[in-house]
């Protein structure tokens with residue numbers, strides 16, 4: 001298996017890349033910056049840029065000898081402000097990275113997979129906030145909700161080529177983005193981050209935050225032969241906090 005994982009330098013993406021590699025895949029990791037210890041097949045790219053995406057897929061495929069799997073994990077959180085107070089350029093930036101970036105990478109990878117004629121799998125990382133709107137998160141929710149519907153279109157268009165496309169919607173994960181959100185809540189409420197973390201944890205039926213391994217396990221299943229009849233789906237990995 002030959003795979004590209006975007007946003008793979010840290011957090012959920014790093015866990016996904018590590019799991020796929022452990023399962024025997026050759027993995028190319030892409031990100032805008034690699035803080036330290038970049039993997040052997042590391043590519044720096046801004047996925048909101050069309051030319052950068054095309055070049056990333058080209059270079060990765062040259063290194064891998066082709067492409068079987070794309071995991072669209074790269075994303076940003078965006079502004080935590082009400083719609084009436086959000087600068088349009090900040091809203092656009094979230095959509096450019098989260099939604100347009102997923103489109104551009106899927107387009108470039110899809111072309112390669114179609115030309116190969118051997119099928120493939122694309123996994124898009126959405127969010128629980130792409131399944132429900134949230135005040136102060138219009139940009140993020142819109143971008144992640146868009147990913148779900150983009151997945152539907154891609155799944156239908158690519159099915160004749162045996163390319164499956166699915167979304168994973170994480171909820172309340174132990175990531176830097178989530179910790180930043182907890183810090184914002186703590187500042188607004190005049191409490192500690194630990195208290196906000198406890199409140200979130202208490203709201204989760206399984207009683208804990210999710211980890212990168214939880215997402216990596218779901219990705220590993222979706223790209224495996226065990227999920228050969230699964231496409232166009234949104235799989236919630238959220239501890240039961242949102243049922244759909």
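Please treat every number below as a calculation from the coordinates, not as lab data. Keep in mind that what you see is a predicted model, and the values were worked out from it rather than measured. Cβ coordinates were reconstructed from backbone atoms using ideal geometry, including for glycine residues, and neighbour counts include every protein chain displayed.
Ellipsoid fit via the Cα gyration tensor, the chain: semi-axes of 29, 19, 18 Å, each the root of five times an eigenvalue, largest first. Taking each residue as 0.36 nm, the span from residue 191 to residue 42 lengthens on full extension beyond its C-alpha to C-alpha distance by 49.7 nm.
Just checking the listed ones, 119, 65, 77: in the Gaussian network model of the chain with Cα springs under 10 Å, the one fluctuating most is 65. Note on the chain: helix-only mean residue ellipticity at 222 nm, from DSSP H runs of 4+ residues weighted -39500 (n - 2.57) and normalised by residue number, equals -14000 deg cm²/dmol.
Comparing 12, 199, 158 in a Gaussian network model of the chain (Cα springs below 10 Å), the most mobile by mean-square fluctuation is 199. So if each residue of separation counts as 0.36 nm, and I subtract the Cα-Cα distance between residue 62 and residue 33, what length gain in nm does that give? Extra length from residue 62 to residue 33 when fully extended: 8.3 nm. Report, to two decimal places, the Cα Rg of the range 1-80 normalised by 2.2 N^0.38 Å (N = number of residues). Dividing the Cα Rg of the range 1-80 by 2.2 N^0.38 Å gives 1.03.
Quickly work out the residue 230-to-residue 107 label distance, labels modelled 7 Å from Cα along the C-beta direction, and quote it in nm with one decimal. The answer from the label model is 2.9 nm. Measuring nothing but how far apart in sequence close Cα pairs (under 8 Å, 6+ apart) lie, relative to its length, the chain scores a relative contact order of 20 percent. Our summary gives the range 17-154 a relative contact order of 24 percent, counting only alpha carbon pairs under 8 angstrom and 6 or more residues apart. Build a GNM of the chain with springs between Cα atoms under 10 Å apart, and of 164, 58, 185 the one that fluctuates most is 185.
Which angle between 0 and 90 degrees, to the nearest 10, do you get for helix 193-202 versus the longest principal axis of the chain when only C-alpha atoms count? Computed tilt is about 70 degrees. Peptides 44-50, 20-26, 141-147 ranked from most to least packed by the mean count of surrounding Cβ atoms within 10 Å: 141-147, 44-50, 20-26.
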